[in-house]
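Below is one structure, written out as structure tokens; comments come after it.
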Amino acid sequence: MRTYDLYFRFIHWVMAICIFMMLATVFLRITFLNKTNVSAIIIQQSQEMGIEITETNAIKMAKSIRKPMWEWHIYFGYTLIGAYLLRFILAFTRKTVFLNPFKSTLNLKQKLQAYSYLFFYTVLFFALGTGFLIENGPKSWKEGLEGIHEFSHYFVLLFIFIHFAGLYLAEKGEQKGIVSQIIIGRD
């Protein structure tokens, strides 16, 4: 049975927390803190106080209310970029291992696992790369990159679903204790 060393566990949990927090900020931005919803509340509350606010100004206020929350999305994005790069540095220095899906000695289950991680890291590359360029690249690229960036989130969510399904099957099958291993390094 595989054991997960401290390097691997640290990177795994940093990446997991960052992805969770980034997805949470996206969820908040498109639901509760949607600029249209917040601006409608601002307009309603200001009218009740006898203050006249235009829709344009209410939207500006709504954006400024949710700006600090969105900055966390960016901070976690930079942290995730660091963890992502560290993951590859450690793989190339042999501190952690990547399962090679093209290796002929792998069984079908191992190949599926390896391909799912290859898929994940490829999608994450595009999500992180486009996010970085949206923040730091030419402003003329922003609109085109946002579509790719947002679309990549669906594949990250797909991987998370596959990951948890795989964990469930592994715990029920031949790899009992795998969750304990990734938390404390052993079962």
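Rule-based calculations on the coordinates, nothing more; no lab input. Predicted model, so just to flag it, every value in this text is computed and none were measured. Neighbour counts run over all protein chains shown; Cβ positions are idealised from the backbone, glycine included.
Does M15 satisfy the criteria of being touching a Phe, Trp or Tyr at 6+ places or on another chain (Cβ under 6 Å), within 20 Å of H73 (Cα to Cα) and either assigned to a loop (DSSP other than H, G, I, E, B) or not basic (K, R) (or both)?
Spelling it out, it is not the case that M15 is touching a Phe, Trp or Tyr at 6+ places or on another chain (Cβ under 6 Å), within 20 Å of H73 (Cα to Cα) and either assigned to a loop (DSSP other than H, G, I, E, B) or not basic (K, R) (or both).
Can you run down the residue pairs with Cβ atoms below 6 Å, 6 or more apart or on separate chains, where the first is in the stretch 9-36 and under 17 Å from F164 (Cβ atoms) and without any contact (Cβ under 8 Å) to a residue 40 or more places away in the chain and the partner is of a type outside the set (D, E, K, R) and assigned to a helix (DSSP H, G or I)?
Sorted first by the residue in the stretch 9-36, then by its partner, the list stays empty.
Report yes if Y78 is among the aromatic types (F, W, Y) and either under 30 Å from K176 (Cα atoms) or touching a strand residue (DSSP E or B) at 6+ places or on another chain (Cβ under 6 Å) (or both), otherwise no.
No, not satisfied.
List the pairs whose first member sits in the stretch 53-76 and is within 17 Å of T31 (Cβ to Cβ), whose second member is of a type outside the set (V, I, T) and part of a loop (DSSP other than H, G, I, E, B), and whose Cβ atoms are under 9 Å apart, counting only residues at least 6 apart or on separate chains?
A62/L33; A62/N34; I65/L33; R66/L33; R66/N34; M69/L33; W70/L33
Under 6 Å between Cβ atoms, which residue pairs at least 6 apart in sequence (or on different chains) link something in the stretch 135-156 that is of a type in the set (D, E) with a partner that is in a helix (DSSP H, G or I) and surrounded by 12 or more Cβ atoms within 10 Å (Cβ to Cβ)?
Correct list of pairs: empty, since none qualify.
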